[in-house]
Amino acid sequence: MNIKNVTIIGAGTMGNGIAHTFAQSGFSVNLVDTSADALERAITTITKNLDRMVSKDKIVEEEKNATLDNITTNTDLTSAVKGVDLVIEAATENVDIKLKIFKQLDKICNENTILGTNTSSISITQIASVTNRKDKVIGMHFMNPVPIMKLVEVIRGKETSDSVTSIIMQLSKNLGKSPVEVNDAPGFVANRILMPMINEAILTLEENVSGVEEIDTVMILGMSHPMGPLHLADFIGLDVCLSILEVMYKGFDNPKYAPSKTLINMVSEGKLGIKSGEGFYDYSEGARNKKVSSRFRR
Ligand SMILES: NC(=O)c1ccc[n+]([C@@H]2O[C@H](COP(=O)([O-])OP(=O)(O)OC[C@H]3O[C@@H](n4cnc5c(N)ncnc54)[C@H](O)[C@@H]3O)[C@@H](O)[C@H]2O)c1
């Protein structure tokens, strides 16, 4: 199967990056969101990111324009999936939202269309179970920021076929990425390891063992992490971190994955990290000029 056109569902942090990456590799991309504002913000972000690449001489102006020309936006899912080879769902990390989308996709897509999901933690087998094409449902877990990060975790559900897996592995390579095949389990590999670390960093802060910058500095200078865990949590989105931990807590039925109170409280207060302007850090002067949020200043 030669995939030429792709529909991406969800135009948030990940959807815009996935659309950018496919469009820059010459695919025709339809980006869908229920929110017209989210679509507008996504195109603004993609344009800004492409401008930065032009200013750093990574691409030329023509490539930027060709990339933008490859993207169309849509709020209507049915027309957006007409004749597409592949759909990648990157909507909010919520199982009910995803099951509803896949049920609908199964009805409105061609029978050969592959249905991928960028979920960070939700079972691919469960998502596939609401379709009549369980062999064609697969996890394609990109990392944030998508145009830069090399990894794609390719997750096989119980019934995902060998041929669909090899199409998605090859496609990831064609996008310039390095795919790794993994089996279906809550959090897969990436978040199974990352999220307990982020949660532990928040507990360390909660128990006043140290401050926000100090905890991040320990992990940057001590473990050679490029970014501290609290800054990374802000970057991922605290709501996304909470949802992933809840899926793992429930999926493994193990208290070691219980999300910290601070994380739960921050999400309920709308402090979601960079996307809301505040998380562990305050981004009111721009994402590059972060300072520790007043709530955690020592
Ligand atoms: N943020 C990260 O670092 C990261 C990394 C890897 C994977 N993921 C996963 O990617 C997915 C998206 O995460 P995000 O961080 O981009 O979320 P986000 O909150 O930034 O964006 C989600 C978007 O989905 C849209 N949406 C919700 N319901 C929809 C529907 N029914 N149809 C179409 N659009 C709908 C929302 O309007 C919003 O624009 C999640 O499954 C998440 O777990 C996130």
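The values are calculated or read from the model by the stated rules, or taken from the named source; none is laboratory data. Since the model is a prediction, treat every value here as computed from it, not as a measurement. Cβ coordinates were reconstructed from backbone atoms using ideal geometry, including for glycine residues, and neighbour counts include every protein chain displayed. Keep in mind that these areas ignore ligands, DNA and RNA; they rest on the heavy atoms of the full protein, side chains included. Shrake-Rupley method; radii C 1.70, N 1.55, O 1.52, S 1.80 Å.
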Calculate what fraction, in whole %, of the accessible area of the range 190-292 sits on carbon and sulfur atoms when a 1.4 Å probe is rolled over the protein chains. 54 percent
Built amide H within the under 5 Å cut-off of Ile3, gap 5+: none
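How much mean residue ellipticity at 222 nm does the chain get from its helices, if each DSSP H run of length 4 or more adds -39500 (n - 2.57) and you divide by all residues, to the nearest 500 deg cm²/dmol? Mind showing how you got there, number by number?
On the way: 12 runs with 137 residues, N = 298.
Result for the chain: -14000 deg cm²/dmol, rounded to the nearest 500.
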In what sequence, largest accessible area first, do Val209, Val189, Val164 appear using a 1.4 Å probe? Val209, Val189, Val164
Accessible surface, 1.4 Å probe, highest first, among residues Lys150, Lys250: Lys250, Lys150
With a/c under 1.5 counting as rounded, go ahead and sort the range 5-183 into rounded, prolate or oblate using the C-alpha gyration tensor (a ≥ b ≥ c being the square roots of the eigenvalues; past the cut-off, prolate if a/b is larger than b/c, else oblate). prolate
Label point 7 Å beyond Cα of Asn174 along Cβ direction - residues of the range 60-97 with amide nitrogen under 20 Å: 66-72, 81-90
In nm, to one decimal, how far is the Ser166 label point from the Ser35 one, both placed 7 Å along Cα→Cβ? 4.1 nm
Would you kindly compute the Cα radius of gyration of the range 190-292 and its largest Cα-Cα separation (Dmax), both in Å? 13.0, 41
The alpha-carbon center of the range 171-239 and that of the range 255-286 are separated, in whole Å, by 14 Å
GluC sites (Glu not before Pro) in the range 172-255 lying in a DSSP loop, each with at most 15 other Cβ atoms within 10 Å of its Cβ, come to Glu207
Which sequence of Thr92, Thr21, Thr34 reflects their accessible areas, 1.4 Å probe, from the largest down? Thr34, Thr92, Thr21
Can you tell me the accessible area per residue over the chain, all protein chains present, probe 1.4 angstrom, in square angstrom? 48 Å²
Taking 7 Å along the Cα-to-C-beta vector as the label spot, tell me the Ile148-Glu62 distance in nanometres, rounded to one decimal. 2.8 nm
So what does His141 come to for accessible area, using a 1.4 Å probe and Å² rounded to 10? 10 Å²
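Does the range 85-201 classify as rounded, prolate or oblate by the C-alpha gyration tensor (a ≥ b ≥ c root eigenvalues; a/c under 1.5 gives rounded; else a/b over b/c gives prolate, otherwise oblate)?
Because a/c hits 1.5 or more and a/b fails to exceed b/c, the range 85-201 counts as oblate.
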Total charge dipole magnitude, the range 116-262, about the Cα centre, Cβ charges on Lys, Arg, Asp, Glu only, Debye to nearest 20: 720 debye
What's the FRET efficiency of Ser25 with Lys103 using the Cβ-Cβ distance as r and R₀ = 35 Å, to the nearest 0.05? 0.70
Which shape class applies to the range 148-193: rounded if a/c is under 1.5, otherwise prolate when a/b exceeds b/c and oblate if not, where a ≥ b ≥ c are the square roots of the Cα gyration tensor eigenvalues? oblate
How many nm separate the modelled label positions at Arg288 and Thr92, each set 7 Å beyond the Cα in the direction of the Cβ? 3.2 nm
My understanding is that a pair violates if its Cα-Cα distance is over 20 Å; which of Lys107/Lys134; Lys48/Lys271; Lys136/Lys250; Lys107/Lys173; Lys150/Lys256; Lys250/Lys275 do that in this structure? Lys48/Lys271; Lys136/Lys250; Lys107/Lys173; Lys150/Lys256; Lys250/Lys275
